[in-house]
Structures are given as structure tokens and as C-alpha cells.
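S.K.: Sharing a structure below in C-alpha cells format, with a few things to ask.
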Amino acid sequence: MTSASEHLKKKLDERKEIAIYRSLKQENSLVDFCSNDYLGFARSPVLKERIKAELDNNPLSLNGSTGSRLLSGNSQYAEDLELEIAGFHGFEAGLLFNSGYDANLGLLSSLAQRGDTIILDELIHASAIDGVRLSYANRYSFKHNDIESLEAKLKASKGNCYVVVESIYSMDGDSAPLKDMADITEKYGAHLIVDEAHAVGLYKKGLTNQLGLQNRIFATVVTFGKALGNHGAIVLGSKVLKEYLINFARPFIYSTAPSFHHLASIKMAYQLLNNVEKEIIDLKNNIAYFKNHTNINSDYPLLQSDSAIQCIILKNNDKARLIANTLQSAGLDVRPILSPTVAAGTERIRICLHSFNTLNELALLCNTVNNFINAR
């Protein structure tokens, strides 16, 4: 009989090379084309000073939160921050979670009941999949961004129906057709939920707000670990939804609340986000530069994306590793995304562009990619 340790070792060996590669410490000398720090908030001295000032202005704040928000961890500061963030994005209310993973897990595991239906885009984030798995709902997936496929699943749905998508997809970088999805979910009396993790930054208030769809969407999830340079997340929606999650979302109920430092960091990041017009323009210009100066062919296609996430498909793990190593040798921090993380045949490099990347850095990136592709 195979022991548990032997079984674990076998599974570990199957993924070990990927895990080791991804655990490599990012060298300060490498140019960042890897992180989700789209507007440079994570490295911003301005944000750091604002956080320090906010802490100094609240000298009686504790180092830790001391418990869950249902016990000793709640504060007026946290509740005011939730209301402020909800208003910024155009929603009635919001509830803070310790991470985007917790937010999706808490929302989707508690929302639908037995006999209800949750329909997911096939490329939805793992946290949404795990949340749905913990619910008692019927669950289906539809072809990525395919309205006809979604409608077929809506026709088969039972009970209360929830459709869950990302506004910008974390691995492909493409956008969901949110207006069409709002139309089709309304036609069938379903409720649309949008994960905005990678949209905030490219769009100051997210794609839902950009399109004016707040009143047509049941809930959005906004995370703070990407363009806001922080950690944590908030579920935005109605006051009723907030109260429901306080009482039924297990990751909220059974987790220690965010510390004051954490809350202050989020608040100061939102103040900074309110005045980032130049950074957003710079980010969009850098995206356009990359797309216009990269000579991709049909053998190694560039996925269709207007976001900060740009992916070149290499079609196998070895080539994805090779181009990533070539880019790293040129001083550019780009990582491969390998199967089984993505489906076999869709192995890729995932390039993240930022407002702070210079034209010289972008030119080096494009030239290195072009030379690699043309030499194959």
C-alpha cells in the first residue's frame, strides 16, 4: 500500500518544477513585467507617506484587530471605509474581506441555496470555482465570453440563478461583454456577479462603473492586491446583500478582522486612486506600444487583449520556459504559465504592463520577444 507521504511526494514531483520556478525571488535588477502592480502603488513612496500620516493621525489605533468583526474586531473606521469604497464604485454598500479569494469564497458558497443555479464562465478564477463547489447549488459553465452558450445554460437553470464572470480575465487579459451579459441575464431573471480584480486601474472605478452598469449587476468583487498595491477585497452590492454576507459568509464570520494598518492602507490607496489620470493614460499608452511593436505570428499568437495583461501562446512548456529564460537573461522579469495551470497547448508567457514602464524598457521587451519568435 502506498503511504500518504509517498502519494504526496508523487503529486509534488508532478508540479515541483513549476513551484520552484514561481518561488524564485524577483531580483531588484529585473524590470517588472510580471506583477499586478499596474499603477505602481505597491512601490509608491507617496502612498507609503500617506499611510504613515494616517497612522500618526490615529495614535490610539491597535497593532492588531484582536478578533473577528462579529466579536472585537469591528470599528467605525472599517464601516466608514466600506461605505466610502461602495460610493466610489457606485454601489449602495460593501463588505470587506481579507483577500479576493475569501471574498469569492464567502459570496459564492453562501449565496445560492439547494435547488438554485450558478453559471460560471469556463475561465473564471479558481476562487470562484471553489466558492461554488462549497455551495449546494446546481452549477454549470459556459464557453468563454460566449453569449449563446450562456443562454443555453440559462434555459436549463432552476431556482434563483447567478451568473459569475470576470470583467477582465486574469490569465487571458480579455474583457467580458458585460452589456450583453446584463441583457441576457435580465431576460431570464438571473443575477450577474462580476469580479473586477484586474479592471480597476485600467478603468479607475472598474469596467462595471465605466459602462454604467451598477444598477444592472447584483454584485461585484473588487480586490486591493492589484492596481491598489495592497491586500484584501470588498464585495459591493445592496445593503441587503451586505447584511446577508455578515450573517452567512463563513470566511468573513470566522476570520480575524483586518488590522487598522491594513484598513488605513486601503483608504489611502483609494485617495491616491482618485487622482491617477496621468498614470492611467501612461498605462494605456504602454499597452498600445507593446501591441504595436510586437511582431507575433500565427505559430505563436498574441491573445486578443486591450488590458495590462498580454499573453503570447507558446503551445508547450519547454518553449514557454525558454522564452521566459531568454527575457530574464535580458533583464526582464517575465514568467511562463505552464500546464497544468493552463490547458495543454495553451502554455504561454504572461506579460503585465505598468504605468511606470519606460519606453526603453518596452522597446527591449518587444525586441527580445520579436527576436525569439523570428528565430524559431
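S.K.: Subtract the Cα-Cα distance of K9 and Q113 from 0.36 nm times their separation in residues, and report this length gain in nm to one decimal. Don't skip to the answer; put the middle values down first.
M.R.: On the way: separation 104, 0.36 × 104 = 37.44 nm, distance 3.79 nm.
Extending this stretch completely gives an extra 33.7 nm.
S.K.: While we're on this one: What is the list of residues in the range 336-376 whose amide nitrogen lies under 15 Å from a point 7 angstrom out from the Cα of H293, following Cα to Cβ?
M.R.: 353-371
S.K.: Working from the pairwise distances between different alpha carbons, so that the mean of 1/r is found and then inverted, what is the range 317-376's Kirkwood radius in Å?
M.R.: So the Kirkwood estimate lands at 12.1 Å.
S.K.: Rounded to the nearest 500, what is the chain's calculated 222 nm mean residue ellipticity when only DSSP H runs of at least 4 contribute -39500 (n - 2.57) each, over all residues?
M.R.: Roughly -13500 deg cm²/dmol at 222 nm, from the helical runs in the chain.
S.K.: Ranking request for peptides 142-154, 81-93: highest mean number of other beta-carbon atoms within 10 Å first, then the rest in descending order.
M.R.: Top to bottom by mean Cβ count within 10 Å: 81-93, 142-154.
S.K.: How high is the relative contact order of the chain, in percent, counting Cα pairs under 8 Å that sit 6 or more residues apart?
M.R.: 22 percent
S.K.: Kirkwood Rh over alpha-carbon pairs of the range 265-307, then Stokes-Einstein at 20 °C and 1.002 mPa s: what D in µm² s⁻¹, rounded to an integer?
M.R.: Taking Rh from Cα pairs, D becomes 169 µm²/s.
S.K.: Evaluate the Kirkwood expression for the hydrodynamic radius of the range 76-174, namely the inverse of the mean inverse distance over all pairs of different C-alpha atoms, and round to one decimal in Å. Can you show the working numbers first?
M.R.: Values: mean 1/r = 0.0682 Å⁻¹.
About 14.7 Å, per the Kirkwood formula over Cα pairs.
S.K.: Relative to the Cα centre, what is the charge dipole magnitude of the chain, using +1 at the beta carbon of each Lys and Arg, -1 at the beta carbon of each Asp and Glu, and rounding to the nearest 20 debye? Walk me through the intermediate numbers first.
M.R.: Numbers: 39 positive and 41 negative charges, 136 e Å.
Approximately 660 debye in magnitude.
S.K.: With the convex hull built on the Cα atoms of the range 285-333, state its orientation-averaged projected area in nm².
M.R.: With the hull built on Cα positions only, its mean projection is 3.8 nm².
S.K.: Follow-up question, since we're still on this one. Using only the Cα atoms of the chain, what semi-axes does the equivalent ellipsoid have when each is the square root of 5 times a gyration tensor eigenvalue? Give whole Å, largest first.
M.R.: Its equivalent ellipsoid spans semi-axes of 33, 27, 22 Å.
S.K.: Report, as a whole number in µm² per second, the diffusion coefficient that Stokes-Einstein gives for the range 148-293 at 4 °C and 1.567 mPa s using the Kirkwood radius over alpha carbon pairs.
M.R.: Working: Rh = 17.1 Å.
The diffusion coefficient I find is 76 µm²/s.
S.K.: Could you please report the charge total around H89, scoring K, R as +1 and D, E as -1 over all other residues with beta-carbon less than 9 angstrom from its beta-carbon?
M.R.: Charge balance near H89 sits at 0.
S.K.: In the range 79-142, carbon and sulfur make up what percent of the accessible area (probe 1.4 Å)?
M.R.: Carbon plus sulfur share of accessible area: 48 percent.
S.K.: A follow-up question, please. Express the carbon and sulfur contribution to the solvent-accessible surface of the range 306-376 as a percent, rounded to the nearest whole number, probe 1.4 angstrom.
M.R.: Ligands and nucleic acids excluded, carbon and sulfur give 50 percent.
S.K.: With every protein chain left in place, what is the accessible area per residue of the chain in square angstrom, probe 1.4 Å?
M.R.: Details: 17630 Å² over 376 residues.
Computed with neighbouring chains in place, this is 47 Å² per residue.
S.K.: Could you sort 105-111, 64-70 so that the peptide with the highest average Cβ count within 10 Å comes first and the rest follow in order? Spell out each step's value before the answer.
M.R.: On the way: 105-111: 25.7, 64-70: 15.6.
Highest mean packing first, the order is 105-111, 64-70.
S.K.: Now, a different point. Ranked highest first by the average count of other Cβ atoms within 10 Å around their residues, in what order do 271-279, 211-219, 348-356 fall?
M.R.: 348-356, 211-219, 271-279
S.K.: So, one more: Note down the relative contact order for the range 263-376 as a percent, whole number, built from C-alpha pairs under 8 angstrom at least six residues apart.
M.R.: On the way: 143 pairs, mean separation 34.6, N = 114.
Computed over the range 263-376, the figure is 30 percent.
S.K.: Give me the distance between the Cα centres of the range 183-206 and the range 260-280, rounded to whole Å.
M.R.: 22 Å
S.K.: Expressed as a whole number of Å, what is the distance separating the alpha-carbon centroids of the range 57-91 and the range 354-376?
M.R.: Computed from Cα coordinates, the inter-centre distance equals 43 Å.
S.K.: Of all beta bridges DSSP finds with both residues in the chain, what is the antiparallel percent, to the nearest 5?
M.R.: 50 percent
S.K.: List the pairs from K204/K315; K48/K278; K291/K319; K143/K187; K52/K226 whose alpha-carbon separation is above 24 Å, in the order I gave them.
M.R.: Long pairs (Cα-Cα over 24 Å): K204/K315.
S.K.: If you don't mind, another one. Let a ≥ b ≥ c be the square roots of the eigenvalues of the Cα gyration tensor of the range 160-232; is it rounded (a/c under 1.5), or, if not, prolate (a/b larger than b/c) or oblate?
M.R.: On the way: a/c = 1.98, a/b = 1.90, b/c = 1.04.
It comes out prolate by the Cα gyration axes.
The values are calculated or read from the model by the stated rules, or taken from the named source; none is laboratory data. None of the values given here were measured: they were computed from a predicted structure. Positions of Cβ are generated from backbone atoms using ideal geometry, with glycine treated the same way; all protein chains shown enter the neighbour counts. In case anyone asks, the SASA skips ligands and DNA or RNA and just uses the protein heavy atoms, side chains included. Shrake-Rupley method; radii C 1.70, N 1.55, O 1.52, S 1.80 Å.
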